[in-house]
Structure formats: C-alpha cells, structure tokens
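One structure is given below, encoded as structure tokens.
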Amino acid sequence: MIHTNKFGLTAVVLSMVLAGCSSAPTDESTDIEDTSVQTGQVDTSAIDDSAMDAATAADTVFYFDYDKALLKPESRAALLEHAASLNSSPRSVRLEGHADERGTREYNMALGERRANAVKEFLVLQGVSAGLIEVISYGEERAASYGSNDGAWSMNRRVELK
Amino acid sequence: MLLLLMLSSSAWSELVIRVTQGNDKPTIVAVSPIALNGIQIKEDIGSIVEADLKRSGLFSAIPRRDMLAFPSAAKDVYYRDWRMLGTEYLVVGAMAPVGEGRYQLDFSLLNVTAQKTEFNHRVSGTKSQMRDLAHLISDKIYQEITGIRGAFSTRLAYVTANRENGAYVYRLNVSDADGAREKLMLESPEPIMSPSWAPNGKELAYVSFETGRPAIFRQNLVTASRQQLTNFTGLNGAPSWSPDGKKMALVLSKDGNPEIYMLDLQSNKFSRLTRHFAIDTEPTWMPDGKHLLFTSDRGGTPQIYKLNVASKATQRLTFRGNYNARASLAPDGRTLALIHRASSTFHVASFDLVTGRLIELTETRLDESPTVAPNGAMLMYATKQGDRGVLAAVSLDAGVRYVLPAKSGDVREPAWSPFLR
C-alpha cells in the first residue's frame, strides 16, 4: 500500500514479508508508517509594534501582590494622571496583564487578565471610554525580570499600559 | 543511577535524557547487538532499545563489554553464559535487506531462566525509520514482560523559549518520546502555549500570539497546513481535543471573564459550558467524551471541578490544599495528575477520583503542565533547574524519574501524544 501526499513525499506502508526466509519463525510482524513532520509558518505582519509616545510622564507599569488582582494604593496617582490625559486627548491604549511564573500557565493567563481588567475598571470609573482600552494577558509568558525568586516575581506581577 | 545518554541528531535536537531514579528491583535484560549483515546504518538499534527499556525504570541492562558473545538468533544462544551474568531476558536480532531500500529485522525475546523463546517478531522499514524499528522492538519487549502496552513509539510536543540577540524566539517542537528526532513545527517572536494532541496523533492545537493577541490554531504535522480557530476579544486558550476528535474544549473570556466553551470542529459553532464570574480554565476531556475536568477558583482558591457537558452540572473534586490545577487524566480514567501547592511550592500530585487520595509525586518546586503517557506508566511535566525550564518525568507510583533538559534556553509545556499505531 502506498500513500502519496501533496508534497510528493512517498509514505510507504510496508507490506508483510512472508516467513520462511529467516532462521527464526516469525510469530507476527509489524510495518512502520512514515509520519515525517513539516514546519508551519507564522504570519506576524498583522502585529503593530509601533510604540506610542506616552501622553504623560506618569508610571506605565503597575504592580500587584501574589495571587491578587487588587490595585495597590501607590498605583492610584499615576493612573489618575493617565485617566486625565486620556479624557482630555482620547487615544487607544493597551493594558498588558502579567503574572509571575508560579502556578499553571493558563491559570496565570486568567490572572493576568484579571489584573489588566482591574486597571481598566479604574480608568473607566475615571471617565475613560471602555472602547479605547484593549486588555491582553500574557500570563507568565513575558517575564520582565528573570530568575525564580521573590524579587523577580514581584517585578513580573504587573500590568503595563501601552 | 546517573546516566547521560546523547540521543539527538537533527538540527533542532536539544533534549538530553538523564535517568535519576529507577526501580528498586529492575528486570535484568541483555540486548545483544543487532547483526547488520553488512547493512550500513548510523543508528545503533540495540542501544536505542536498551536506552528505552532503562528509561522506563523497570529494567537494567547487561553492558556489552560484559557479554561473552553477540548472538543474533536463538539457535546461537548459550543460556548458561547469560545466566552467569544474571540475565533474565535476552534480546537477539538480525537485519536483512528486502529490496527497494527496505529492511527487515527479525528479533526474538528469550527467557533465560526458562531457557525458552517468548516470541519472534519481524519489523520492517526504510533506513530513515531505524529509530521507529527500535522503538517498536522496545514496545513489544516491554509489553511481553510487564503486561503493559509500551509507549516508546509515541511523541512529545513542547515549547521552547530562547533569547536570541535580545529578542525572544518561541518554538513549538515535536520529538520522539525519548527526545530524539526533534522537529520544528512553528517558530514565532510571540508566545506559543498549550499544545494539545488530536486523538489520532496527526494534528496539534495550540495558542499562538502571532496576531498580537492569543488565538487558537490547529496544525497538521505531516502537511504543516494550519488554521486559526478563534479570534475573540480576551483570552483564547487551553484547547483540549475531545476523544472522538470532533470537538474542542477551550477557554474564552469574551463575556468578561474566563469561561469554558466547546467548539464543534465540523460546524464551527461555539457553545458555552460554564457561567460563573470566577476563573474557569484548563478544560480536559474524560475518556467518555461526556465530561470535562477544569480548574476554577469559584470556591475562593483554584480547584479541580468536573462538568457534565450535556447538563452543564458541575461538581468540585479536590479539597485538600489551596491550589489544585491543570488536571491531566491517566488512561485508566481514574487517576489525575495535577499541580498541587504545598507550603508555597508547586508539585505534581496524583489524585484518585474514586478514593479521593492525593499523593505528591515530585520533589521539584515550580512544576507545571503534567501530561500522562498513553499507557499510564509515566507522566511528563515542566519544572525549573536553577533558572532554566526543563522537562522531567516521573512514574505514577513515583518510583522512577528522569529529566530532559534542553541544551540551551527554556523548555516547557510537554504534551505526550496518544498511541500512534
């Protein structure tokens, strides 16, 4: 039996060969099917990487406690500045939520989103149009600080306003 | 036992296996070098078989240097010589060309104690399939001696992340279960996550951020053709292929918070399965195709829940500890591997769905992504060695362990394939 795929590679399913031509009697035999792996291609042309100039000089990174999505009091001042700036000259912003490496990856995706949503809700309460704010979670996939220690982890539990 | 086995050869080959703990009473096997009868091949089939069996932790091997002879057929075996070495089972075999670039390998498993042939088997393939032949031999021997189907002919999918010239490069790779023959499936400057095998082993679903946002893709291993399945606002994550291959469970947060959805891959229709303001994520199918397990923090901390897909009724399964997440079900349908937090470290634990018993299996501290082999003997997971992400494996009874660190960079998110033949 011969299979031919669209690349013209021939995957041969070898047929059984009869017993009798070897010294040992064969109880049964097995044939190997070819399952070579091909590489796929990503299209990253859709990514807009152009960083926008921050409209204010206020901090754009907001940190969180472990396993928490509550805004810290020290984040308020900078967020109020961003809200005022966005209210006076509206533009689209992106809130990127992150988690530290502890725990499972998809749960951390959800945790990163929860943090970014906490920042979004604060801005919306200050009058910023929700339609201007996009929330993206990167979970633990984009660490800001490398290392498996409390210092690195505290830098990674964050939301970045872009 | 500390073994260092170099098993890689292709351009992307990066995994090296180190067995760190084996069974206390391993079965002693000797694999006589396969007689090649003048055939030139680069693989040493006998060594691959030996490494497979040793990696299972259930076997130890007689080194070649101790062998008094290298028989290739049962009729040439002097059982007394092998008994003196303590051999319990002996593997002998010989290869012969059968034309058109094909080769057949006849091998026998001999019971040295009973002085009898357990079975004779013939495998055949091309020169590019010599590793497949070797793993198939290992599967047959393992099954005959342990009664458990061998999983040496299976594959792993996993993600690597490397910083190259200051920028991250994420790669989705597929290799043999022993880490050899690594093949690149996808390379991207944006994160790749959560690979999930189709039940036929011919496709993978995964999350890619290549559009600037997370989206779920499916990709055929052989043709490399790929298709974007989701493009919703918010999370698009945690794909899990149903046992019949027709549906996919996944996570969307387009409703405001993460919910479990089911995508019908034929009609492309999404149906929502959970409705709760908490985090619901990491769905995985039960073998009946009628229930899902998932992680939810609806009780205040992440725990494993069971969901009836038809009635959408949920039931909490785990109660011990304040963090139980990312369940992976063993093929017995009864044993779960999950991530359990105990005094601020994250271990892989097994959880018995019938008795409710939870047992920590690992001693590493930042464990993630457990995935059980299709024969249920071992599970693989991701953890850290120093600051580097590595893959490690442990048997479900915690008696056997090995690690597969990448030569450079981080390796993570292993997904063990189903049986491929």
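The values are calculated or read from the model by the stated rules, or taken from the named source; none is laboratory data. Since the structure is predicted, the reported quantities are computational estimates derived from the model, not experimental observations. Because the Cβ atoms are built from the backbone with ideal geometry, glycine has one as well, and the counts that use them run over all protein chains shown. For the accessible areas, the whole protein counts, side chains as well, though only heavy atoms, and no ligand, DNA or RNA atoms are used. Shrake-Rupley method; radii C 1.70, N 1.55, O 1.52, S 1.80 Å.
From the residues in segment B:371-386 that are more than 21 Å from B:Asp52 (Cα to Cα) and in contact with a strand residue (DSSP E or B) (Cβ under 9 Å, 6 or more places away or on another chain), which one is surrounded by the most Cβ atoms within 10 Å (Cβ to Cβ)? Selected residue: B:Thr383. The condition (being among the aliphatic types (A, V, I, L, M) and open to solvent by 40 Å² or more (accessible area, probe 1.4 Å)) is satisfied by just one residue among B:Ala310, B:Ala325, B:Ala238: B:Ala310.
Where strands (runs of 3 or more DSSP E) sit wholly within segment B:307-419, those with at least 2 residues that are small (Gly, Ala, Ser) occupy B:324-329, B:335-342, B:345-352, B:388-395. Evaluating B:Tyr168 against the criteria (1) assigned to a strand (DSSP E or B); (2) touching a residue at least 24 places away in the same chain (Cβ under 8 Å); (3) more than 22 Å from B:Trp285 (Cα to Cα) leaves one unmet condition, (2). Only residues that are open to solvent by less than 20 Å² (accessible area, probe 1.4 Å), over 15 Å from the mean Cα position of the chain (by Cα) and free of Cβ contacts under 8 Å to residues at least 40 places away in the same chain were counted across segment A:105-121, and they come to 0.
Looking only at segment B:43-71, filter to residues that are basic (Lys, Arg) and open to solvent by less than 50 Å² (accessible area, probe 1.4 Å); which one of those is nearest to B:Gly93 (Cα to Cα)? If we take residues in segment B:43-71 being basic (Lys, Arg) and open to solvent by less than 50 Å² (accessible area, probe 1.4 Å), then B:Lys54 is nearest to B:Gly93 (Cα to Cα).
What number of residues within segment B:253-273 are crowded, with 16+ Cβ neighbours inside 10 Å and either within 11 Å of chain A (Cβ to nearest Cβ) or within 11 Å of B:Asn236 (Cα to Cα) (or both)? Explain how you work it out, then say what you get.
Initial filter on segment B:253-273 (crowded, with 16+ Cβ neighbours inside 10 Å): B:253-254, B:257-263, B:265, B:270, B:273.
Next cut, either within 11 Å of chain A (Cβ to nearest Cβ) or within 11 Å of B:Asn236 (Cα to Cα) (or both) only: B:253-254, B:257-261.
Summing the residues that are crowded, with 16+ Cβ neighbours inside 10 Å and either within 11 Å of chain A (Cβ to nearest Cβ) or within 11 Å of B:Asn236 (Cα to Cα) (or both) in segment B:253-273 gives 7.
Would you list the strands (runs of 3 or more DSSP E) that sit entirely within segment B:171-236 and hold 2 or more residues that are facing another protein chain (nearest Cβ under 10 Å) and of a type outside the set (Lys, Arg)?
Values: elements: B:183-188, B:192-197, B:203-208, B:215-220, B:226-228.
It comes to B:183-188, B:192-197, B:203-208, B:215-220.
Every residue, every condition in (1) open to solvent by less than 10 Å² (accessible area, probe 1.4 Å); (2) of a type in the set (D, E, K, R), yes or no:
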| site | (1), (2) |
| --- | --- |
| B:Thr160 | yes, no |
| B:Asn165 | no, no |
| B:Arg171 | no, yes |
| B:Gly179 | yes, no |
| B:Leu184 | no, no |
| B:Glu190 | no, yes |
| B:Met193 | yes, no |
| B:Ala198 | yes, no |
| B:Gly201 | yes, no |
